[in-house]
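Notes follow the structure.
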Amino acid sequence: MAVETASLVDVAYENLLARITSFQVKAGAPLSEVKISKELNISRTPIREALQRLEKEGLVQRTESSRFTVAQISIREVNEACDMLEILDTYIFSKASSLLTPEDANELRLSVKQMNDACDANDRSAWTEADRGFHQLLNRVAGNELVADTVRETRRRVQRFWIRSTVGQFDRLSTCTTEHAELVDAIINKDLAAIPPAVKEHIGHLRENVVALLTTVALLTGDDSA
């Protein structure tokens, strides 16, 4: 029974994570355990545990009445998250560079090709999947699970806003693909001096896009909490 419950928690977690990071539910939207339970045909206990896991990752928060909502994120939190990503991505990419096998290198090149193909097709879902594969590979090669978990959770905090900010901005996907290609070259060539500035530029563009989006939303809605 415990194994079955854990599996249902994973199902609920992945479903909710996909909804939040793809903007099917917006920041501030309520998350009803009863409604989600009916939609997924899963009892409320696994739903609640999945929501609690998302709460720990910062994607879900509780109101004063202990109800779950999709977490808001402020400009300060974006800046703090990007500061952390810059430090940890530099560490992961540098460590992975020293441990990379020829097979890993080929897989990295393939991920950039997939990004290019998705960019040409203006397919943001395919691009995001290729980006996810890129980071999963480097996290695995670097071999530090604690850092990898922290990076995954931090990236998720801003990922949904980055995805939203690219809508109608094809050039941003193209630029980001070029940045990934430069990172891959530095990693494969074990150019440890080139990795930090490449990461800084890449995360800097992420920061700019998300802050610009949150600023625009605040101006349109009159919300000065950002």
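The values are calculated or read from the model by the stated rules, or taken from the named source; none is laboratory data. Everything quoted here is computed from the prediction, not taken from an experiment. We place every Cβ from the backbone using ideal geometry, glycine too, and count neighbours over all the protein chains shown. Heavy atoms of the whole protein, side chains included, go into the accessibility calculation; ligands, DNA and RNA do not. Shrake-Rupley method; radii C 1.70, N 1.55, O 1.52, S 1.80 Å.
Listed values, structure above:
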read-out	value
Inter-part distance where segment 122-160 and segment 50-91 are each reduced to a Cα centre, Å	16 Å
³J(HN,Hα), Karplus 6.51/-1.76/1.60, whole Hz, each residue of segment 108-115, x for Gly, Pro	5, 4, 5, 4, 5, 4, 5, 5
17 Å Cα-Cα reach of Lys26 towards aspartates and glutamates, excluding residues that sit fewer than 8 places from it in its own chain	Glu14, Glu55, Glu57, Asp223
The chain, dipole about Cα centre (Lys/Arg Cβ +1, Asp/Glu Cβ -1), debye to the nearest 20	680 debye
Mean projection area, nm², convex hull over Cα of segment 51-183	8.9 nm²
Among Leu88, Ile75, Val112 the positive-end extreme of the charge dipole of segment 63-116 (Cβ point charges)	Val112
Sites matching GluC sites (Glu not before Pro) across segment 1-110 that sit in DSSP coil, with at most 13 neighbouring C-beta atoms within 10 Å	Glu64
Solvent-accessible area, 1.4 Å probe, carbon plus sulfur percent, for the chain	52 percent
GNM flexibility winner over the chain from Lys38, Lys190, Lys95 (Cα, springs under 10 Å)	Lys38
Net charge, Val34 excluded, C-beta distance under 15 Å - Lys, Arg +1, Asp, Glu -1	+3
All lysines inside 29 Å of Lys113 as judged from Cα atoms, apart from same-chain residues fewer than 8 positions distant	Lys95, Lys190, Lys200
Label corresponding to P(r) over Cα pairs in 5 Å bins from 0, in percent when calculated from the structure given, among (i) 1, 6, 13, 16, 18, 16, 13, 9, 5, 2, 0; (ii) 1, 7, 16, 21, 22, 18, 10, 4, 1, 0; (iii) 1, 6, 11, 13, 16, 16, 15, 11, 6, 4, 1, 0	(i)
Amide proton proximity set for Leu31, modelled H, under 5 Å, gap of 5+	Phe68, Thr69, Val70
